[in-house]
Structures are given as structure tokens and as C-alpha cells.
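Student: I am attaching a structure below and will ask some questions about it afterwards.
The values are calculated or read from the model by the stated rules, or taken from the named source; none is laboratory data. For clarity, every value in this text was computed on a predicted model and none was experimentally measured. Don't worry about glycine lacking a Cβ; one is built from the backbone with ideal geometry, like all the others, and counts go over all protein chains shown. SASA here: full protein model, heavy atoms, side chains in, ligands and nucleic acids out. Shrake-Rupley method; radii C 1.70, N 1.55, O 1.52, S 1.80 Å.
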Number of protein chains: 2
Amino acid sequence: MSERIRLARSHYIDEITDKLAGSEVKLAGWVRKKMELGGLTFIILRDSTGVIQVVFREDRIGKEKMKEARKLSMESSVIVSGKVKLDKRAPNGLEIEAEDLKVVGYAEEFPIKPGVGKKFLFDNRHLHIRGRKTQAFLRIRSELIKAFEEWYNSHGFTRVEAPTFVGTAVEGGATLFEVDYFGKKAYLTQSSQFYLEAMIFSFDNVYTIQPSFRAEKSRTKRHLTEFWHLEAEMAWADLNSMMDIVENSLKYAVEKVCERAADQLSILKRKFEPPSGRFPRITYDEAIEIAKRKGVRIEWGEDLGAEAERAISLEFDLPVFVTHYPKTAKAFYHKIYQEDPRKVVCADLLAPEGIGEIVGGGQRIDDLNELLTRIKEENLDPESYKWYIDLRRYGTVPHAGFGLGIERTARWISGADSVRDVVPFPRTPTRINP
Amino acid sequence: MSERIRLARSHYIDEITDKLAGSEVKLAGWVRKKMELGGLTFIILRDSTGVIQVVFREDRIGKEKMKEARKLSMESSVIVSGKVKLDKRAPNGLEIEAEDLKVVGYAEEFPIKPGVGKKFLFDNRHLHIRGRKTQAFLRIRSELIKAFEEWYNSHGFTRVEAPTFVGTAVEGGATLFEVDYFGKKAYLTQSSQFYLEAMIFSFDNVYTIQPSFRAEKSRTKRHLTEFWHLEAEMAWADLNSMMDIVENSLKYAVEKVCERAADQLSILKRKFEPPSGRFPRITYDEAIEIAKRKGVRIEWGEDLGAEAERAISLEFDLPVFVTHYPKTAKAFYHKIYQEDPRKVVCADLLAPEGIGEIVGGGQRIDDLNELLTRIKEENLDPESYKWYIDLRRYGTVPHAGFGLGIERTARWISGADSVRDVVPFPRTPTRINP
């Protein structure tokens with residue numbers, strides 16, 4: 001069943017190989033560049049799969065078509081028929097000698113030009129996504145999501161979806177977006193976790209990849225108001241099995257991205273080796289020692305901030321799990337660590353190169369009384385968590401889960417400057433357009 | 001790499017077969033049912049993969065464990081070790097003779113009981129999803145989404161994501177949800193279409209499966225305020241290639257669901273044959289003739305309502321494409337039909353059995369002036385559509401696309417009464433909890 005759909009063309013550009021030398025082909029795409037040289041017109045034609053040089057000669061296509069070729073502007077859309085020729089001077093050793101040209105849409109002067117600045121590029125993201133690098137970033141993102149889906153689908157996870165409209169905060173009220181829901185208040189989901197926890201009682205192991213929303217005002221290179229979130233929950237799981245699942249699925253996904261998006265990584269000049277070897281697992285206590293040693297001001301009990309995470313992640317070549325945070329640093333649903341009840345049974349995964357947290361997860365409280373106590377301690381209203389509490393009344397099981405930020409992970413792999421680069425249309429506090 | 005994760009257990013229930021007779025196994029799950037018979041205690045144990053009978057005898061597990069077994073309530077969570085035995089009296093001819101029992105969580109009296117009523121079930125959806133039928137509906141949904149992803153991934157489509165926060169309406173302002181976006185107004189996306197249209201200039205063929213939002217007050221069996229939307233756009237596509245893609249991908253997905261969720265269909269007593277043969281393609285004019293003949297009041301120029309769609313879809317055993325609607329019945333972005341400019345080049349797909357519309361799509365306007373004219377005709381503000389209009393300025397190409405409702409399609413396949421049955425946590429005008 002695997003067959004590319006093929007509209008308007010006989011071949012995609014990446015299908016043009018030496019073997020086709022001498023053959024007639026018909027290509028459809030856009031003009032990336034045009035050059036005039038010795039009475040000939042050359043264009044670099046792009047489609048979704050690559051670029052190829054096309055040469056127009058008047059003795060082949062006639063005077064009229066030649067005029068049209070000369071008028072071609074950057075980003076004009078064309079259908080070109082011609083012969084495949086081996087030519088060492090052409091960028092990839094191959095060239096199309098045009099025999100016919102159909103100009104489908106002449107482009108006005110394309111506004112994306114060298115040096116226009118980041119704001120302009122994001123204001124014109126609907127055009128900027130055609131760029132070679134932007135396309136490469138987005139392809140890497142796309143392959144990452146697909147590879148995660150493959151891993152979870154083939155490891156006994158059921159793919160599920162959680163609602164976007166919710167009545168209750170998962171991660172605390174401060175970062176909730178409010179929606180006018182037929183005159184009542186609703187919120188946008190910050191995480192599918194609670195819903196996935198409900199679903200493990202039916203499906204044992206579940207995962208979802210869908211958007212989460214955080215009304216965080218901070219404009220950083222690692223925050224978006226809307227991000228794609230891989231989340232999974234596993235019945236009967238403890239912290240170690242959770243970390244194994246994160247590690248194995250991430251290694252698989254990263255490997256597949258490196259394989260399938262090798263061209264894109266090379267367009268981005270990103271030298272990236274899939275992590276090999278077991279991810280280090282250190283405790284929070286060890287982590288803050290590293291951070292302090294590197295001059296980060298942090299007190300025991302605080303969550304690791306961006307600066308501490310950066311310092312810690314630079315200490316390792318591999319992603320590193322930081323486990324057993326103080327309960328004061330984490331949300332109420334984390335299971336208390338029996339050996340030291342000031343701490344919880346959790347793990348964040350920090351990516352190397354200063355990227356910091358890409359995964360947050362841990363074992364969830366499975367005991368009814370422990371959950372009620374923690375809700376009280378945090379001054380939360382048990383009534384708001386009624387259905388979540390119910391899960392501990394009817395056949396509770398030990399379980400664990402996690403959330404992984406797709407954009408943060410794609411940023412790490414691709415070497416992007418910001419999470420904004422690896423999402424088609426980023427959303428930040430100051431941007432909802434285009 | 002394909003290996004189920006296996007926590008707390010040696011086997012999942014669906015792995016217990018005749019071949020294991022005499023072997024020791026360890027199972028983890030929940031008690032669906034308990035029976036006492038001749039001094040023995042039987043339970044039906046369920047996990048995510050199936051059910052199996054377990055028998056407890058005092059001479060095997062001892063007095064203490066026997067007491068615990070007798071106390072087991074519906075939905076209690078347990079880990080059971082024992083020997084696999086062939087037993088013709090057991091529901092699937094196999095039984096576990098328990099040698100050890102660990103009660104992980106005794107369940108309070110489970111509130112889901114026969115006859116509790118639909119409202120109660122949806123109020124307790126977090127528990128109701130454990131039910132055999134609910135699980136079957138959700139599994140069908142899950143397999144449907146996976147199969148669609150397989151088809152699009154293997155046919156040259158790039159998987160992309162569009163933003164949820166938008167500044168502009170795609171389907172008209174009446175059904176927009178408004179969000180407080182840092183003191184400004186934003187809306188929730190009704191469709192990813194415009195963003196997908198932008199992305200075809202980079203990727204040729206793109207698809208997404210993500211939530212769309214419609215603030216429709218109507219409480220019907222085919223509406224949700226939040227639904228999952230498969231959308232695709234294809235550069236260089238016309239109406240026929242669009243319909244071919246819809247038809248081929250849907251046939252593939254339906255076939256795979258019937259294969260992979262055969263047990264679930266049989267739990268639901270749903271006799272469903274994947275559609276074979278080409279889907280009929282009729283025009284709007286023909287469609288309203290059918291509707292009128294069947295007594296539906298409809299005038300040329302109106303959109304087909306639920307009643308008309310029902311009447312038409314009951315006329316065919318297969319899904320039927322209805323093409324070339326009057327432009328008055330469709331949104332401004334549909335391409336005008338040159339042979340009859342009162343109409344547009346579009347197609348909806350109506351599913352059989354009265355289900356009605358599951359797909360809406362068509363060829364999009366690719367000519368700049370045609371688009372500007374249509375925007376003016378509909379009294380829309382061109383400024384709001386500036387970036388969308390831009391796509392026709394810079395290398396426009398003919399293109400087409402569509403949106404398919406995942407819940408409506410899953411409802412059709414599964415025979416569910418309502419779209420609410422085939423989504424884990426449905427959202428309607430009166431429901432955002434749990």
C-alpha cells in the first residue's frame with residue numbers, strides 16, 4: 001500500500017537519479033533561484049523532496065517559452081518537462097534540459113530576503129516555512145513524532161486522546177487559559193495526565209500526542225503558550241520502569257530521526273549522534289551539588305530553574321535523569337518517597353548542551369489517604385479533584401507516567417536556537433498570527 | 001523492537017492459550033465479577049487485553065488468602081499467580097487455578113450498575129471507560145486513527161501540526177470559542193485548513209490529526225464542541241484526486257479496523273463489512289432530488305441539513321460523495337465551478353445508515369482575484385485573511401483538501417448511538433466534566 005501520491009508530475013525531485021539519464025520527466029514545483037548565463041536560463045527548482053537544476057535553451061523550448069522562463073521570479077510555481085542529463089557542473093550532478101514549461105503562478109517579489117530579521121520572519125511564517133532550513137526543522141519534528149508513535153504503538157500502548165476543555169488545573173492555577181464556554185468558565189488543558197491515569201484502568205498502558213497549553217508570560221527559548229505533548233501512563237509501573245520506557249522510546253525516536261532526516265540535519269549543519277549508553281540517573285541532591293559547584297544559587301527544596309538545569313546538563317554528554325525532588329518543588333500528585341518523606345518518587349530528564357528539562361514524570365500517588373493528605377497540605381479543594389480521587393477508590397494500582405515536550409526534544413536534536421523554530425506556527429504571549 | 005512492555009505480570013490475558021496448559025503464570029488486573037460455588041471462589045479477571053476465569057481453592061492458597069479472595073469486590077485490583085488449566089466449563093475454555101493472590105486495592109462499591117442511565121454514565125466517565133463496551137468503542141477509535149496515520153505516512157504526506165490559538169475564523173464567526181489571551185482576544189481553531197494550505201508550498205502533501213473546536217449549541221448525536229479532525233491538503237490536486245485520496249485512505253483505515261478490532265466489533269455485536277466497490281459520486285442537484293423525493297423540504301441553494309443527508313445516505317450501501325454544491329451553501333474559499341458559476345468544486349462524503357456527512361472538502365480558490373472577489377461578496381474583511389491571501393501571490397498552485405471527523409467515522413464503523421460514545425471524555429455545551 002506504500003506508494004506516494006503523484007499529482008501533476010511523473011517524478012518527485014528526489015526520484016531523479018543517474019539511472020534516469022536520457023529519460024523524459026515532468027516535474028512540478030517552485031523556483032528557488034534563477035540565473036542567466038551565456039544566453040541560457042537556469043533555475044533551481046524545488047519541491048517537497050529536494051532541488052534540481054533546470055536549463056532552458058531557446059532552440060529547445062522556442063522563443064515564447066524562453067521569454068516566460070526569463071520572466072520567472074523566485075517562488076513562481078511551474079511544471080517543467082524535459083530530459084534528465086548528467087552534468088558535473090550541476091549542483092547534484094544532474095540537470096533537467098527543459099522541453100516544455102508551464103508557468104502556473106508568477107510570484108510577486110518574495111518578501112523573505114537575507115537579513116530581514118527574526119520578527120519579520122515569524123510575521124511571515126506562512127511564507128518562511130518554505131525555506132530550506134525551516135523545512136528541515138519541521139521535517140525533523142515530523143519524523144520525531146512519527147517515530148514516537150511507532151515505538152508506543154508497538155510496545156503495547158493504546159493511543160488515546162484527552163479533552164482540551166477542562167474544569168480542573170493539573171499544574172496549578174497560575175498558568176491556566178480561560179475560555180468562555182457558553183457563558184461559563186472552562187480552561188484549556190495543561191496536561192492530559194489525569195485523564196491518562198483514568199484510562200490505564202481500561203488499557204493498562206496509554207499514550208497521547210496532543211497540544212497542551214500554558215499561560216506562561218515568560219518569553220524564553222524553551223516556552224510556548226501552546227506546545228505538543230507526548231504523555232504516557234502505565235499501570236503497575238514504578239519509577240525505574242518509567243525511566244526505562246522514556247529512555248528506550250527516546251533512543252528509538254532519536255535514532256530514527258537521524259536515519260530518516262539525515263539530509264535535514266546536514267542542511268542545518270547539525271552534527272548529532274544518537275545517544276548511546278545508558279542515561280545517567282542522579283538524585284536531586286547530587287544535582288544541586290553540581291549546580292552549586294558551578295556557581296548557581298539554589299537552595300535545597302527549590303525546583304531546578306533554567307540556570308541550574310543548564311549547569312547540570314552541561315556536565316553530561318547524555319541526557320540525564322534527575323530523581324527524587326523535594327515534595328515542595330513538585331505538584332501534589334507525586335508519590336511520597338518512603339525512605340525520605342521530604343521527597344517524592346519522580347524523575348525529570350535533562351537534555352545535554354544546556355537544553356535542560358525535556359521530560360517530567362514519576363510515580364503517582366496510588367493510596368487514597370496519601371492523596372487526600374497531599375491535597376489538604378497544598379490547600380487545594382478536594383471537590384475539584386473528585387473524579388481524580390475516585391481512581392484510588394476503585395481498584396487502585398501503582399502507576400507512573402510522564403510528559404515529554406515535543407518542541408524541546410526537537411530543538412535538542414536539530415540544534416535549533418529556540419523551540420519556536422521547530423513548530424510550524426509558534427504561539428507566544430505576543431504572537432497568535434499568522 | 002516490537003515487544004509489549006510487561007509490568008507486574010508474566011503474561012497479558014490474551015497471551016494465555018491452550019499451549020500454556022500446565023504452566024505457571026502471573027496475571028495483573030481487575031475483578032470484573034465474583035461467584036461462590038461449592039466452596040470455591042471464582043473471579044472473572046480483566047486486563048487491557050481480555051478476560052479469564054480464576055478459581056480459588058482453600059487447599060491451594062490457604063485459609064488467609066481464601067478469606068481475601070472471598071472479600072474481593074468488583075473492580076478490585078489483584079495480582080494472581082497460578083496454573084493454566086483447560087476447562088470446558090470456563091468462558092473461553094481456559095482457567096487459572098490460583099496459587100497465590102495479592103490484593104492490591106480493594107474497591108469500594110462500584111457505582112456503575114445496570115440501569116443507571118446515560119447521564120450518570122457520562123458523569124462517571126472516568127469509571128465508565130473500564131466497561132467492556134466503552135473499551136471496545138474506544139479501541140475502535142484508536143485503531144482508526146492509527147490506520148489513517150499509516151496510510152498518510154506511507155503515501156508521501158508529511159505529518160504536520162497547526163496552531164490551536166488563532167486570530168481568524170475559518171468556518172465563520174458564529175461558532176468560535178473565545179479565549180482570554182493575556183488580556184487580548186484569541187480564538188480556538190475550527191479547522192487547520194488554512195495552515196495546511198500554507199504548508200503545501202513546503203511539503204506538497206500534508207495531513208494532521210488534532211482537535212478542532214466549534215461552539216455549536218446544538219446537542220445532537222453528531223456534534224461535539226471539541227472533536228478530532230483528520231485534515232489533509234494536497235498541492236496540484238483537483239476534486240477527483242481529492243476524492244480518490246479520501247476514498248482510498250478511508251477504505252484502508254476501515255479494513256484495518258475490521259481486522260485489528262474484530263473482537264471489539266463482536267463485543268458490540270456490530271456486523272460491519274468494509275465497503276467494497278467504488279463510492280458513488282453524485283452531484284448536489286441529484287442529491288436534493290433524492291431528498292425531495294423522500295419528502296425532505298429543501299430548496300436549491302441551501303446546504304444539506306441533517307435530515308437531507310440522512311435521506312440521501314440511506315439510499316446507498318456505500319459512502320456517497322455529493323459534489324458541486326451551490327456557492328451559497330459553502331464557505332468563501334471554495335473554487336468556483338467554471339461550467340456553472342453558481343456552484344463550487346467541492347465534495348462532501350456521506351456515510352451510510354443515515355450517519356450523514358463525515359468528510360467535507362474540495363478544491364480551494366488558487367486565483368488571487370477570484371479569492372478577493374469571494375471575500376468581498378461574503379462581506380468579510382480582507383485584512384483578517386491577509387496571510388491566507390498571500391498564498392495566492394507567491395507561486396500559487398491548484399490544490400484541494402478535506403477534513404474528516406474522527407468521531408463521526410468511528411461512530412459509523414462501530415455502530416455507536418452517538419459521537420459521544422467514541423471519544424474518551426466527550427465535550428458538549430453542557431459537559432466539561434470529568
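Student: Report those helices (runs of 4 or more DSSP H) wholly inside the stretch A:51-141 carrying at least 1 residues which are in contact (Cβ under 8 Å) with a residue 40 or more places away in the chain and under 24 Å from B:Val206 (Cβ atoms).
Tutor: Because the criterion is at least 1 residues that are in contact (Cβ under 8 Å) with a residue 40 or more places away in the chain and under 24 Å from B:Val206 (Cβ atoms), the helices (runs of 4 or more DSSP H) in the stretch A:51-141 that meet it are A:118-123, A:125-128.
Student: Condition first: without any contact (Cβ under 8 Å) to a residue 60 or more places away in the chain and among the β-branched types (Val, Ile, Thr). Now tell me which residues in the stretch A:352-372 satisfy that.
Tutor: A:Ile358, A:Ile365
Student: Can you give me the number of residues within the stretch B:223-242 that are surrounded by fewer than 19 Cβ atoms within 10 Å (Cβ to Cβ) and more than 10 Å from chain A (Cβ to nearest Cβ)?
Tutor: 1
Student: Another question, if that's okay. For the stretch A:390-423, enumerate the residues that are small (Gly, Ala, Ser) and more than 24 Å from B:His126 (Cβ to Cβ). I'd like the intermediate steps shown before the answer.
Tutor: Applying the first criterion (small (Gly, Ala, Ser)) to the stretch A:390-423 yields A:395, A:400-401, A:403, A:405, A:410, A:414-416, A:418.
Residues satisfying the conditions are A:Gly405, A:Ala410, A:Ser414, A:Gly415, A:Ala416, A:Ser418.
Student: With the condition kept exactly as written, say whether any residue in the stretch B:34-42 is farther than 21 Å from A:Thr396 by Cα, more than 14 Å from chain A (Cβ to nearest Cβ) and in contact (Cβ under 8 Å) with a residue 60 or more places away in the chain.
Tutor: No, every residue in the stretch B:34-42 fails to be farther than 21 Å from A:Thr396 by Cα, more than 14 Å from chain A (Cβ to nearest Cβ) and in contact (Cβ under 8 Å) with a residue 60 or more places away in the chain.
Student: Residues of the stretch B:169-180 being within 7 Å of chain A (Cβ to nearest Cβ) and open to solvent by 10 Å² or more (accessible area, probe 1.4 Å), which ones?
Tutor: So the first thing to find is which residues in the stretch B:169-180 are within 7 Å of chain A (Cβ to nearest Cβ), and the list is B:177-180.
Selection gives B:Glu178, B:Asp180.
Student: Can you give me the number of residues within the stretch A:424-434 that are more than 14 Å from A:Asn124 (Cβ to Cβ), open to solvent by 10 Å² or more (accessible area, probe 1.4 Å) and in a loop (DSSP other than H, G, I, E, B)?
Tutor: Initially, the stretch A:424-434 is screened for residues more than 14 Å from A:Asn124 (Cβ to Cβ), giving A:427-430, A:432.
From the residues that got through so far, the ones that are open to solvent by 10 Å² or more (accessible area, probe 1.4 Å) too are A:428-430, A:432.
Among the residues that remain, those that are also in a loop (DSSP other than H, G, I, E, B) are: A:429-430, A:432.
Number satisfying all stated conditions: 3.
Student: Going through the stretch A:312-330 one residue at a time, which ones are open to solvent by 40 Å² or more (accessible area, probe 1.4 Å) and aromatic (Phe, Trp, Tyr)? If you could, list the steps in order and put the result at the bottom.
Tutor: Of the stretch A:312-330, the ones open to solvent by 40 Å² or more (accessible area, probe 1.4 Å) are A:314-317, A:327-328.
Of everything in the stretch A:312-330, just one residue is open to solvent by 40 Å² or more (accessible area, probe 1.4 Å) and aromatic (Phe, Trp, Tyr), namely A:Phe316.
Student: I would also like to ask the following. Residues being more than 14 Å from B:Asn433 (Cα to Cα) and open to solvent by 40 Å² or more (accessible area, probe 1.4 Å): count how many of those fall in the stretch B:119-135.
Tutor: Here the count works out to 2.
Student: Here is a further query. Of the numbered conditions (1) more than 10 Å from every other protein chain (Cβ to nearest Cβ); (2) over 15 Å from B:Tyr181 (Cα atoms), A:Val166 fails exactly one; give the number of that condition.
Tutor: (1)
Student: Take the stretch B:136-145 and flag every residue that is more than 8 Å from every other protein chain (Cβ to nearest Cβ) and open to solvent by 10 Å² or more (accessible area, probe 1.4 Å).
Tutor: Once the filter is applied, which keeps residues that are more than 8 Å from every other protein chain (Cβ to nearest Cβ) and open to solvent by 10 Å² or more (accessible area, probe 1.4 Å), the stretch B:136-145 yields B:Phe137, B:Glu143.
Student: Please pick out the residue among A:Val80, A:Val84, A:Val55 that is farther than 28 Å from B:Arg392 by Cα and surrounded by 18 or more Cβ atoms within 10 Å (Cβ to Cβ).
Tutor: Details: A:Val80 fails: farther than 28 Å from B:Arg392 by Cα; A:Val55 fails: farther than 28 Å from B:Arg392 by Cα.
The unique qualifying residue is A:Val84.
Student: Also, I was wondering about something else. Which one is farthest from B:Ser212 (Cα to Cα), of the residues in the stretch B:152-167 that are part of a loop (DSSP other than H, G, I, E, B) and among the β-branched types (Val, Ile, Thr)? Before the answer, list the steps.
Tutor: Looking only at the stretch B:152-167, we keep the residues that are part of a loop (DSSP other than H, G, I, E, B), and these are B:154-157, B:160-164, B:167.
Add one more test, that the residue is among the β-branched types (Val, Ile, Thr), and what stays is B:160, B:164.
On the way: B:Val160: 15, B:Thr164: 8 Å.
Out of the qualifying residues, it is B:Val160.
Student: Further question: Can A:Val397 be described as at negative phi, in a loop (DSSP other than H, G, I, E, B) and either buried (at least 19 other Cβ atoms within 10 Å of the Cβ) or over 32 Å from the mean Cα position of the chain (by Cα) (or both)? Spell out the reasoning first.
Tutor: Numbers: at negative phi: yes; in a loop (DSSP other than H, G, I, E, B): yes; either buried (at least 19 other Cβ atoms within 10 Å of the Cβ) or over 32 Å from the mean Cα position of the chain (by Cα) (or both): yes.
Answer is yes for this residue.
Student: Which one of the conditions (1) within 8 Å of another protein chain (Cβ to nearest Cβ); (2) surrounded by fewer than 21 Cβ atoms within 10 Å (Cβ to Cβ) does A:Glu216 fail to meet, given that it meets all the rest?
Tutor: Only one criterion in (1) within 8 Å of another protein chain (Cβ to nearest Cβ); (2) surrounded by fewer than 21 Cβ atoms within 10 Å (Cβ to Cβ) is unmet by A:Glu216, namely (1).
Student: Name the single residue that is nearest to the other protein chains (Cβ to nearest Cβ) among those in the stretch A:13-29 being part of a loop (DSSP other than H, G, I, E, B) and over 15 Å from A:Gly50 (Cβ atoms).
Tutor: At the first step, the residues of the stretch A:13-29 found to be part of a loop (DSSP other than H, G, I, E, B) are A:16-17, A:21-23.
Now restrict to residues that are over 15 Å from A:Gly50 (Cβ atoms): A:21-23.
Working: A:Ala21: 24, A:Gly22: 26, A:Ser23: 21 Å.
Here the answer is A:Ser23.
Student: Now for a different question. Being crowded, with 17+ Cβ neighbours inside 10 Å and touching a residue at least 60 places away in the same chain (Cβ under 8 Å): is that true of B:Leu304 here?
Tutor: Details: crowded, with 17+ Cβ neighbours inside 10 Å: yes; touching a residue at least 60 places away in the same chain (Cβ under 8 Å): no.
Taking the combined requirement at face value, the residue does not satisfy it.
Student: Please determine whether any residue of the stretch B:385-393 is part of a loop (DSSP other than H, G, I, E, B), under 15 Å from B:Tyr195 (Cα atoms) and within 12 Å of chain A (Cβ to nearest Cβ). Walk me through it before giving the result.
Tutor: Pass one, the stretch B:385-393, residues part of a loop (DSSP other than H, G, I, E, B): B:391-393.
Okay, now just the ones that are also under 15 Å from B:Tyr195 (Cα atoms), so B:391-392.
Cutting the leftovers down to within 12 Å of chain A (Cβ to nearest Cβ) gives us B:391-392.
Yes, some residue in the stretch B:385-393 is part of a loop (DSSP other than H, G, I, E, B), under 15 Å from B:Tyr195 (Cα atoms) and within 12 Å of chain A (Cβ to nearest Cβ).
Student: Given (1) open to solvent by less than 10 Å² (accessible area, probe 1.4 Å); (2) in a strand (DSSP E or B); (3) in contact with a Ser or Thr (Cβ under 8 Å, 6 or more places away or on another chain), identify the lone condition not met by B:Phe148.
Tutor: Checking B:Phe148 against (1) open to solvent by less than 10 Å² (accessible area, probe 1.4 Å); (2) in a strand (DSSP E or B); (3) in contact with a Ser or Thr (Cβ under 8 Å, 6 or more places away or on another chain), the one that fails is (2).
Student: Among the residues of the stretch B:99-110, are any over 23 Å from A:Val397 (Cβ atoms) and more than 8 Å from every other protein chain (Cβ to nearest Cβ)? Don't jump to the end; show me each part of the working.
Tutor: Taking the stretch B:99-110 first, the residues over 23 Å from A:Val397 (Cβ atoms) are none.
Scanning the stretch B:99-110 turns up no residue that is over 23 Å from A:Val397 (Cβ atoms) and more than 8 Å from every other protein chain (Cβ to nearest Cβ).
Student: Would you be able to tell me the number of residues in the stretch B:59-88 that are closer than 10 Å to B:Glu99 by Cα and among the acidic types (Asp, Glu)?
Tutor: So the count comes out to 1.
Student: Scan the stretch A:331-359 residue by residue and report those that are part of a strand (DSSP E or B) and surrounded by fewer than 19 Cβ atoms within 10 Å (Cβ to Cβ). It would help to see each step written out before you state the result.
Tutor: Going residue by residue through the stretch A:331-359, those that are part of a strand (DSSP E or B) are A:334, A:336, A:343-344, A:346-351, A:356-359.
Answer for the stretch A:331-359, where residues must be part of a strand (DSSP E or B) and surrounded by fewer than 19 Cβ atoms within 10 Å (Cβ to Cβ): just A:Ile336.
Student: Tally time: how many residues in the stretch A:373-393 are surrounded by 13 or more Cβ atoms within 10 Å (Cβ to Cβ), free of Cβ contacts under 8 Å to residues at least 12 places away in the same chain and not polar (S, T, N, Q)?
Tutor: Adding up the residues that qualify gives 2.
Student: Check off (1) charged (D, E, K, R); (2) farther than 28 Å from A:Ile432 by Cβ; (3) assigned to a helix (DSSP H, G or I) for B:Glu407 and give me the number that stays unchecked.
Tutor: (2)
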